[in-house]
Amino acid sequence: MNRRDFARLGCATVIGAGAGNLRPAFAQSLALRQVPGPPPHPMGATLEPNASGLAADFTLRIAPMLVELAPQVVLSTIGYNNQVPGPLLRMREGQHVAVEVVNETDVPEFVHWHGLFVPSDVDGTEEEGTPPVPPHGRRRYQFVANPAGSRWYHSHTEAMLDLHRGAYTGQFGFLMIDSANDPGLYDQEVFLALREWQPFLTTIDPDEERPDPSDPMPEKPAIPDPRPNGLEISAPLYSINDKMLGAGEPLRVRSGQRILMHLLNASPSQIHRIGLFGHHFLVIALDGNPVPTPQPVNLIEIAPGERVDAIVEMNLPGVWILGELRDVTRRSGMGIVVEYANQAQPRPQWLPPAKTRWDYTIFGKTIFGKPAPHPPPDQTIDMVFEKVPGGPNGINHWLVNGKEYPHEREFVFRQGRRYRLLFHNRTDDSHPLHMHRHLFELVELNGKPTAGIKKDTVVVPAFGRATVDLVADQPGLTLFHCHIQQHMDFGFKALFRYA
Ligand SMILES: [Cu+2]
């Protein structure tokens, strides 16, 4: 069975009832900030901060809901405030924020504030000791909004084999921390979350293109692992925000406009590549952090957990599809129509962008053509990642330095010290590695040096190597993991402690 057959199979299982009664959560609201103007309302029901001292600034209600991906394609999931993505939480840098979370489900939940510098007991993970939001209970998360940039929030609950929990649900949303220094050189601001739906287990690797054999693979073993691959997660349905390609409102633009796109991969499993024929994405920030050297690219690769902020200049009038490069993924929903004003021909066109490789290092800081130097680290920590193909239950299991989570005292930070982490990916998959509560700076990727790129999630390619620097300045338990939910659940995580 090929992937297209899977797509058909998946569609057949979708419940089709009730579509007529559902209001699309996005109703005509993708055209956002016109400059000058009020703050944007990309999620329809943006919650504005409340000035009162005692009331929460935001309230998130976790409850079962239906999401209408397209007419006759209605899924049952769990979401925040009955919308997918959840409400845009917009705040100012340095603002004290209280988020009241009400859990209307039967299971404990955790809300993680991805990319924020928050204490362990607020960060929203069981491993770091954050108390859960109890079933049919509530819990208030209070923190200072920091650092500025494109952040997001999502469920951090363990799912294991229950594909209706954690990142497999609709529990995710954008969280924007506005800096006072935002020059705002754009005409519209849009929020685009990439999503997979209806996950299922398969031995077919749903991953993006296979590694290019010409890629450096510094961690490739001399003798390949002969064990057959175990079960991984795939998906038959895709969307951008809550709509499959063609089912939602188009992104309406005018010639000459500059559109600021906030891209988020809120998917549980897959890396996605997005293109828009004839247009360039000027990448200005990665994971919400401004890059030293913004560069135009013709495609964006974005892994689960990552964000890319890019400005697209609208200079090729027509009706286009902004979408996933893989035909099956785009046709199964991952795309949005971009419509210039006054077009006679409304049929959207997809043409693949010129094929280029996504490379973080081109956005780095250079001095006389060379990457800026890094201060020497106080300590280097090697982290080796391995796969146990088809382990217990036929699921792949994952090892960090030879063992599955938990690790007792392997990873210890001392306050104020500078660490260099060397990620050795000895597996045939790419992994988006996420460090909680800290930012790190990319130092090297497969032997290619770079500087000045601050991220919280980095993709280490198959059999590849990445080096990052981090200053231990956020005391408290700190979770590190692969952002692919199944990998995290089956061993691919580690807890850093402060001495
Ligand atoms: Cu992984």
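All of the numbers you see were taken from the coordinates with simple rules; none came from a lab. Computed from a predicted structure; not experimentally measured. Note: ideal-geometry Cβ built from the backbone for every residue, glycine included; neighbour counts use all protein chains shown.
For the listed peptides 212-219, 245-252, 428-435, 389-396, a ranking on the average number of other beta carbons within 10 Å per residue, highest first, reads 428-435, 245-252, 389-396, 212-219.
Quickly rank 82-89, 356-363 as a protection proxy: mean count of other C-beta atoms within 10 Å, highest first.
Details: 82-89: 25.0, 356-363: 15.6.
The peptides rank, most packed first, as 82-89, 356-363.
Answer rounded, prolate or oblate for the range 290-426, using the Cα gyration tensor with square roots of eigenvalues a ≥ b ≥ c: rounded when a/c is under 1.5, else prolate when a/b is larger than b/c, else oblate. It comes out oblate by the Cα gyration axes.
About the Cα centre of the range 289-399, how large is the charge dipole given +1 on each Lys and Arg Cβ and -1 on each Asp and Glu Cβ? Please answer in debye to the nearest 20. It would help to have the intermediate numbers written out before the result.
On the way: 10 positive and 11 negative charges, 68 e Å.
Value, rounded to 20: 320 debye.
The residue among Pro236, Leu351, Ile484 whose Cα reaches farthest toward the positive pole of the charge dipole of the chain, with charges on the beta-carbon of Lys, Arg, Asp and Glu, is Leu351.
Does the chain come out rounded, prolate or oblate by the C-alpha gyration tensor, with a ≥ b ≥ c the root eigenvalues, rounded set by a/c under 1.5 and, if not, prolate when a/b is larger than b/c and oblate if not? Show your work: numbers first, answer last.
Details: a/c = 1.20, a/b = 1.18, b/c = 1.02.
Here the chain falls in the rounded category.
Normalised by the number of residues in the range 303-426, the average gap of Cα pairs under 8 Å and 6 or more apart makes the relative contact order 19 percent. Farthest towards the positive end of the charge dipole of the range 97-220, among the residues Gln171, Gln188, Pro199, is the Cα of Gln171, using unit charges on the Cβ of Lys, Arg, Asp and Glu. Under the classification rounded if a/c is under 1.5, otherwise prolate if a/b is larger than b/c and oblate if not, where does the range 392-499 fall, given a ≥ b ≥ c as square roots of the Cα gyration tensor eigenvalues? It comes out oblate by the Cα gyration axes. Of Leu422, Thr366, Thr380, whose Cα points farthest to the positive end of the dipole of the range 363-422 (charges on the beta-carbon: +1 Lys, Arg; -1 Asp, Glu; origin at the Cα centre)? Of the listed residues, the answer is Thr366.
What is the packing order of peptides 338-350, 189-201, 476-488, 319-331, taking the mean over residues of other C-beta atoms within 10 Å and listing the highest first? Walk me through the numbers on the way to the answer.
Details: 338-350: 13.2, 189-201: 22.6, 476-488: 24.5, 319-331: 21.1.
Answer by packing, highest mean first, reads 476-488, 189-201, 319-331, 338-350.
Placing unit charges on C-beta atoms (Lys and Arg positive, Asp and Glu negative, everything else neutral), compute the dipole magnitude of the range 370-455 about its Cα centre in debye, rounded to 20. The partial results should precede the final answer.
Values: 13 positive and 10 negative charges, 88 e Å.
Once rounded to the nearest 20, the dipole reads 420 debye.
Estimated purely from DSSP H runs of n ≥ 4, each contributing -39500 (n - 2.57), the mean residue ellipticity at 222 nm for the chain is -1000 deg cm²/dmol once divided by its residues. Placing +1 on the Cβ of every Lys and Arg and -1 on the Cβ of every Asp and Glu, with nothing else charged, gives the chain a dipole about its Cα centre of roughly 740 debye.
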